[in-house]
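Below: one structure, written as structure tokens.
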Amino acid sequence: EIVKENHAKKKFPKQTKIKLETYQEPDSVFKKREKIKMNVVLPKVSLTFKIRISHIKASLFELRNYIYYFFETKLGSTSLFLETLKNKGILNYDLGIQMVQTEDFLVIMILAETKKTEEFISSVLEEIKEKTILKEELERKKKAMISSYIHMSDSVFALNQKIMNNLITYKEVYDDDFSMIKKLNVKDANEILKQISFENYSIVTVEKDE
């Protein structure tokens with residue numbers, strides 16, 4: 001009672017309404033190029049694309065898979081591009097392809113180890129100019145994805161991880177993955193690829209510190 005009476009006598013300043021401001025993320029990257037010196041055996045390069053997706057009328061599931069499939073078919077372990085670069089001595093190992101999602105953008109990171117950094121970068125930029133995916137390539141990726149889901153169903157830990165990934169990425173859990181994958185088609189894929197741009201990218205190289 002004493003505490004209540006004490007607080008009742010006090011005069012508190014009027015609370016102002018909290019105003020939330022939205023930040024409009026620009027399409028451009030913050031830093032186009034950066035070179036880092038470290039104790040590495042082979043120079044490393046990260047070619048990162050900042051791709052706006054907020055203007056495209058498609059589900060996030062479709063956007064993520066179509067765009068990731070595009071980079072996988074163009075630059076992945078079974079691509080002619082990778083075989084050619086290995087034969088030329090530009091690469092010795094497969095590329096790493098990673099994807100990060102923000103509210104309005106997908107960020108695709110191409111990671112490599114190479115002594116021929118400039119040749120590698122120009123080769124990738126040239127390879128992805130043709131923004132199309134073939135039907136047989138998409139169907140092959142869909143089969144691989146369905147196979148991985150079937151394999152996942154045998155593991156409680158893998159299923160838990162899948163649920164967590166769904167919640168983080170889509171804010172919900174999908175229980176009809178197979179039908180969603182089967183609905184993916186080359187017409188929609190190429191229509192989406194027409195609407196994205198690869199003009200905004202950054203390059204980070206890690207070179208040996210002599």
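The values are calculated or read from the model by the stated rules, or taken from the named source; none is laboratory data. Owing to the predicted nature of the structure, the values given are computational and were not obtained by experimental measurement. Note: ideal-geometry Cβ built from the backbone for every residue, glycine included; neighbour counts use all protein chains shown. The accessibility values were calculated without ligands, DNA or RNA, using every heavy atom of the protein model including side chains. Shrake-Rupley method; radii C 1.70, N 1.55, O 1.52, S 1.80 Å.
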* Structure fact -> The residue that is modelled with the highest pLDDT, considering only those in the stretch 27-55 that are surrounded by 17 or more Cβ atoms within 10 Å (Cβ to Cβ) and part of a loop (DSSP other than H, G, I, E, B), is I53
* Name, by its number, the condition in (1) under 18 Å from the mean Cα position of the chain (by Cα); (2) over 30 Å from L91 (Cβ atoms) that does not hold for I196. => (2)
* Being touching a residue at least 12 places away in the same chain (Cβ under 8 Å), among the hydrophobic types (A, V, I, L, M, F, W, C) and over 18 Å from E72 (Cα atoms), is that true of even one residue in the stretch 173-190? -> yes
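With the requirement that a residue be closer than 14 Å to N65 by Cβ and of a type in the set (A, V, I, L, M), what does the stretch 150-185 give you?
The first filter runs over the stretch 150-185 and keeps only residues closer than 14 Å to N65 by Cβ, leaving 165-166, 169-170, 174, 177-185.
Matches in the stretch 150-185: M180, I181, L184.
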* Asked: more than 16 Å from Q101 (Cα to Cα), touching an Asp or Glu at 6+ places or on another chain (Cβ under 8 Å) and part of a helix (DSSP H, G or I) - does that describe any residue in the stretch 78-86?
  -> yes
* Asked: Would you say I133 is closer than 19 Å to S197 by Cβ and touching a strand residue (DSSP E or B) at 6+ places or on another chain (Cβ under 6 Å)?
  -> no
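Residues of the stretch 85-99 being of a type outside the set (G, A, S) and either within 15 Å of the chain's Cα centre (by Cα) or more than 21 Å from F49 (Cβ to Cβ) (or both), which ones?
K86, N87, K88, N92, L95, I97, Q98, M99
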* Asked: Within the stretch 56-78, restricting attention to residues that are under 12 Å from the mean Cα position of the chain (by Cα) and either among the basic types (K, R) or within 18 Å of S202 (Cβ to Cβ) (or both), which residue is most open to solvent (accessible area, probe 1.4 Å)?
  -> R64
